[in-house]
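Just below is one structure, and these are the notes that go with it.
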Amino acid sequence: MKLTLEQLYHKMHQAIGPSGWWPADSKAEIIMGAILIQNTNWRNADRALAQLRQATHLNPDDLLTLSQTDLQALIRPAGFYQNKAKALISVFSWLRQFQYDYAAINHHFGHDLRKKLRELHGVGDETADVMLTYIFERPTFISDKYARTLFTCLGITGLTNYQSLARICQLPPSFDAAMAQDFHGLIDEFGKQFLHPVTNFEQSFLAGDYLELN
């Protein structure tokens, strides 16, 4: 069965239910998680986040009072801790200039917001799109590894890296921020259930479906 992007979302939502993703109590926690999860798994990122929570209560100002050495020690379980420490400092130092007023930042940068996010140390394409979707509530498709694997199973070819999917996949105007957030969570949940290994896809509720990207 051929599916549009919106039909795929609704089919996944019906089969799996609301994803509840990103699980966090604050936008600051989402940002920390998005940086810590880079090039690792959630178990390692959660260990680092738990240590940050104990030391700073996940308060950005408290995080920024830490020395680089102390911050690196706290987030070591997430790996690449030197680069991730620099990224956390870079992002929250920038946000503090605006008193963490995400709506004001959104308005100030307008269409240039993604470009500005990409200029921050440690913020790549995926982290920038996560921030656009979950922090600034702009409906954005996150072309992560699970999405590329799923879309390949659904007949989309040539998905070799993040940009290869991001270039051809845009959410339709009917998507609001909540739907975009849920879609990302559903894709990752599907990936955990049916894409380890990829052959499990044939036992999933999407087996036999094909995606049509306009």
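Of note:
- Rounded to the nearest 20, the Cβ-based charge dipole of region 41-188 about its Cα centre (Lys and Arg +1, Asp and Glu -1) stands at 420 debye.
- Gyration tensor (alpha-carbon) shape descriptor, region 1-112, a/c threshold 1.5: oblate
- For a straight C-alpha distance cut-off of 19 angstrom, the aspartates and glutamates reachable from Lys27 (same-chain residues fewer than eight places away being disregarded) are Asp46, Asp61, Asp62, Asp101, Asp125, Glu126, Asp129, Glu137, Asp176, Asp182.
- Computed helical MRE - 222 nm, the chain, DSSP H runs ≥ 4 contributing -39500 (n - 2.57), nearest 500: -16500 deg cm²/dmol
- When the Cα convex hull of region 131-206 is projected onto planes of every orientation, the mean area is 5.2 nm².
- Remark: region 140-153, residue by residue, has Karplus-estimated 3J(HN,Hα) of 9, 7, 9, 8, 6, 4, 4, 5, 5, 5, 4, 5, 5, 5 Hz, where x stands for each Gly or Pro and the curve is 6.51 cos²θ - 1.76 cosθ + 1.60 at θ = phi - 60°.
- Heavy-atom accessible surface of region 104-177: percent carbon and sulfur, 1.4 Å: 49
- The lysines whose alpha-carbon is closer than 25 Å to the alpha-carbon of Lys11, local same-chain residues fewer than 8 away aside, are Lys2, Lys145, Lys192.
- Cα gyration tensor category, rounded, prolate or oblate, for region 24-90 with a/c compared to 1.5: rounded
- Under Stokes-Einstein, with the Kirkwood radius over Cα pairs as Rh, the value for region 51-133 at 20 °C and 1.002 mPa s is 159 µm²/s.
- Working from Cα pairs under 8 Å separated by at least six residues, relative contact order for the chain is 27 percent.
- Gyration tensor (alpha-carbon) shape descriptor, the chain, a/c threshold 1.5: prolate
- Angle between the chain longest axis and helix 27-36 axis [Cα atoms, degrees, rounded to 10]: 80
- Region 12-110, dipole about Cα centre (Lys/Arg Cβ +1, Asp/Glu Cβ -1), debye to the nearest 20: 300
- FRET efficiency estimate (nearest 0.05) - Cβ-Cβ, Ala207 to Ser174, R0 30 angstrom: 0.70
The values are calculated or read from the model by the stated rules, or taken from the named source; none is laboratory data. What you are looking at is a predicted structure, and each value in this text was computed from that prediction instead of being measured. Methodologically, a virtual Cβ is constructed for each residue, glycine included, from the backbone with ideal geometry; neighbour enumeration extends over all protein chains shown. Keep in mind that these areas ignore ligands, DNA and RNA; they rest on the heavy atoms of the full protein, side chains included. Shrake-Rupley method; radii C 1.70, N 1.55, O 1.52, S 1.80 Å.
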